[in-house]
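Working notes, structure below.
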Amino acid sequence: MFSNNDEAVINKKLPKELLLRIFSFLDVVTLCRCAQVSRAWNVLALDGSNWQRIDLFDFQRDIEGRVVENISKRCGGFLRKLSLRGCLGVGDNALRTFAQNCRNIEVLNLNGCTKITDATCTSLSKFCSKLRHLDLASCTSITNLSLKALSEGCPLLEQLIISWCDQVTKDGIQALVRGCGGLKALSLKGCTQLEDEALKYIGAHCPELVTLNLQTCLQITDDGLITICRGCHKLQSLCASGCSNITDAILNALGQNCPRLRILEVAGCSQLTDVGFTTLARNCHELEKMDLEECVQITDSTLIQLSIHCPRLQVLSLSHCELITDDGIRHLGNGACAHDRLEVIELDNCPLITDASLEHLKSCHSLERIELYDCQQITRAGIKRLR
């Protein structure tokens, strides 16, 4: 049936449409192997309809520009999703050819393609108007010109990741949001030149925003983030870790304006206190993940409020929160999230935590991981009893 020629029984018995359907379930490597079986299978395996989603991450060392150009010519308008994450050999010329040939692309991952410059975004703007998700993380040559181009040619853009593109400033953000008001996810992690004014543009033009990452945007203050809270009521995930200038005013603004908040990461924000987290917990009942590492002012009071008002809590990091005691963990262990929700709790460098806390966590039947590095009062016996 599978003899190595075009007259094999399988090619006679099954219509081309059915064989194509079977081939559509195969991965890239298997398709390439099938293409070597016979002339008939070569045509089937390399049919553009089988190449709608391609991820070349596993082959990144071998991918050069000509490979991307050949794939784009083969796939043409069929290609919807392409990942070139980590493909250091791919540059602007190859992506221009790609953009010209694959005008229906919707999801494009160029994370770590360090040869990419503004020229690539100009090509995408010119030819790829259906683009919805674009990842340019660590493409450090990207500037405001790229954001301006995307704004002009990619109005359907919903998700943009420009983490560590540290040449981007408020002018680029202003240009972007004016043409891409439907943005739902925006990662600006490591964009160290951004100031509050950039956030004010986002708050004014992106009412659909659900996810925002501002990690290590060191110049951000309360003023900018409050504008985000007031303009983006659908916000579900906010990362402001390392934004050490923010205060409880942010937690109050989130509580008053963003009731759907599920993820909050504020590691290293040492000015946040129990007062702010009380307001947050009493208003944001859908919280699932909180990273409060190095929020050094919080006490058991914050844990009490979370245990009462946040029944969906799954992941909680309290590392380096040195005022947390066994009493706070007791309330958490008796809280609404304890029995079947809480999966991860991190307590590294919490010097007041003892074996009593482990006893309180025995009621957390969904617990998968506890981190206790440098908790000097935790003993092996206590860990053994918990296990």
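Summary table
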read-out	value
Residues of the range 330-361 satisfying the condition of being of a type outside the set (A, V, I, L, M), open to solvent by 10 Å² or more (accessible area, probe 1.4 Å) and under 19 Å from Asp300 (Cβ atoms)	Arg330, His331, Asn334, Gly335, Glu346, Asp348, Asn349, Pro351, Thr354, Asp355, Glu359, His360
Where Ala240 falls short, out of the listed (1) assigned by the TED database to the domain that holds Cys269; (2) in contact with a Lys or Arg (Cβ under 7 Å, 6 or more places away or on another chain)	(2)
Search result, residues across the range 20-41 that are within 23 Å of Asp58 (Cα to Cα) and either of a type in the set (A, V, I, L, M, F, W, C) or open to solvent by 50 Å² or more (accessible area, probe 1.4 Å) (or both)	Phe23, Phe25, Leu26, Asp27, Val28, Val29, Leu31, Cys32, Arg33, Cys34, Ala35, Gln36
Every pair of residues 6+ apart whose Cβ atoms lie under 6 Å, when the first sits in the range 79-103 and is at pLDDT 95 or above and in a helix (DSSP H, G or I) while the second is of a type in the set (Asp, Glu) and open to solvent by 10 Å² or more (accessible area, probe 1.4 Å)	Ala94/Glu69; Thr97/Glu69
Members of the range 191-219 that are crowded, with 19+ Cβ neighbours inside 10 Å, among the aliphatic types (A, V, I, L, M) and closer than 21 Å to Glu293 by Cα	Leu212, Leu214
Tabulated pairs, the range 196-222, first more than 19 Å from Ile263 (Cα to Cα), second acidic (Asp, Glu) and open to solvent by 10 Å² or more (accessible area, probe 1.4 Å), C-beta under 6 angstrom, 6+ apart or interchain	Asp196/Asp223; Gln219/Glu195; Thr221/Asp196
Verdict on Trp41 being under 20 Å from Lys130 (Cα atoms) and among the aromatic types (Phe, Trp, Tyr)	no
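The values are calculated or read from the model by the stated rules, or taken from the named source; none is laboratory data. Since the structure is predicted, the reported quantities are computational estimates derived from the model, not experimental observations. All Cβ positions, glycine included, derive from the backbone under ideal geometry; neighbour counts span all protein chains shown. Calculation scope for accessible area: heavy atoms of the full protein, side chains included, ligands and nucleic acids excluded. Shrake-Rupley method; radii C 1.70, N 1.55, O 1.52, S 1.80 Å.
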